[in-house]
Amino acid sequence: MIARQLQLPNGQQIPYQLDLRARKTIGLKITDHGLVVHAPKRITATQLQQILLEKSGWIQQKLALRLANQVAPMQWLDGEPLLFMGQDIVLTLIAHPTIKAVTLEGNRLLVRSPHTEQADWVARKVLQWYAQQALPDFKRRVALVAAQMGETVSAVALSNAKSRWGSCNSRKQIRLNWRLIQAPPQVIQYVVCHEMAHLKEMNHSARFYALQASLFPAHAQAEKTLKALSPILHRMT
Ligand SMILES: [Zn+2]
């Protein structure tokens, strides 16, 4: 392994480990130690540079995802980044003597309160705000999918589970994790379709997956995105 730097046109440098082998193609891998490049022994520096530049979008995306997996828990401070329906928003604390309100204005989640210094108060209010956004969104999605399937649902409720995104029981009650409202709409839709498919198939059989695919064809991509986002979605506890 040889330590190298990839210089991007914007001046950014990406360090990587170069592993020269008897092989014909270039292989890229993101590991705990960053980017590893497996390349043919006879490759020239120019050829290597050119291929890595072509792949730099992919490399940066994967490195960012790795980094995202090492997220710190929320501290509920002014300026902290939040996620809402796949959009980056910024927690904005505004001390106010009387008003207590949480509102989304542009990309800022404004928390006006006499208690902006109290992290647990801010946390409670912001979580409440997320839940208030989540329930009507989830109910609307469930209703649309139910109509499409010719099914009925008896209740849609929010869950606060640590490890599950949703559930469905034989009484046709659907529960969806409020944290999902942070995710991009297609990820929310995927989880809704997954649980709705359980209305007809209470298992993970081939029939279940066929039904899920008919309700949400891009499920594989959405599942991947959800997995990658999971640490971020769990930042709020
Ligand atoms: Zn399932």
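The values are calculated or read from the model by the stated rules, or taken from the named source; none is laboratory data. Note that the structure is a prediction, hence the values are computed from the model and not measured. Don't worry about glycine lacking a Cβ; one is built from the backbone with ideal geometry, like all the others, and counts go over all protein chains shown. These area figures cover heavy atoms from the full protein model, side chains too; ligands, DNA and RNA do not enter into them. Shrake-Rupley method; radii C 1.70, N 1.55, O 1.52, S 1.80 Å.
Before moving on, here are some points about what is shown:
- Evaluation of residue 233 against the conditions (1) open to solvent by less than 20 Å² (accessible area, probe 1.4 Å); (2) within 14 Å of the ligand (Cβ to nearest atom) shows that the sole unmet condition is (2).
- Residue check, residue 157 open to solvent by less than 30 Å² (accessible area, probe 1.4 Å) and either over 23 Å from residue 78 (Cα atoms) or within 16 Å of the ligand (Cβ to nearest atom) (or both): no
- So residue 125, is it in a helix (DSSP H, G or I), of a type in the set (Lys, Arg) and farther than 19 Å from residue 193 by Cα: yes
- Among the residues listed as 163, 167, the single one being polar (S, T, N, Q), in contact with an Asp or Glu (Cβ under 9 Å, 6 or more places away or on another chain) and within 15 Å of the ligand (Cβ to nearest atom): 167
- Filter result for residue 53 (part of a strand (DSSP E or B), in contact with a strand residue (DSSP E or B) (Cβ under 8 Å, 6 or more places away or on another chain) and touching a residue at least 24 places away in the same chain (Cβ under 8 Å)): no
- Hits in the stretch 1-49 - residues which are of a type in the set (Val, Ile, Thr) and not in a strand (DSSP E or B): 25, 26, 43, 44, 46
- Checking residue 62 against (1) closer than 30 Å to residue 28 by Cβ; (2) outside the structural domain of residue 23 (by TED's automatic domain parsing); (3) among the charged types (D, E, K, R), the condition it does not meet: (2)
- The one condition from (1) in contact (Cβ under 8 Å) with a residue 24 or more places away in the chain; (2) farther than 23 Å from residue 230 by Cβ; (3) open to solvent by less than 80 Å² (accessible area, probe 1.4 Å) that residue 143 does not meet is (1).
- Unmet criterion (only one of (1) surrounded by 13 or more Cβ atoms within 10 Å (Cβ to Cβ); (2) outside any strand (DSSP E or B)) for residue 112: (2)
- Residues that are within 11 Å of the ligand (Cβ to nearest atom) and surrounded by fewer than 19 Cβ atoms within 10 Å (Cβ to Cβ), drawn from the stretch 170-210: 201, 202, 203, 204, 205, 208, 209
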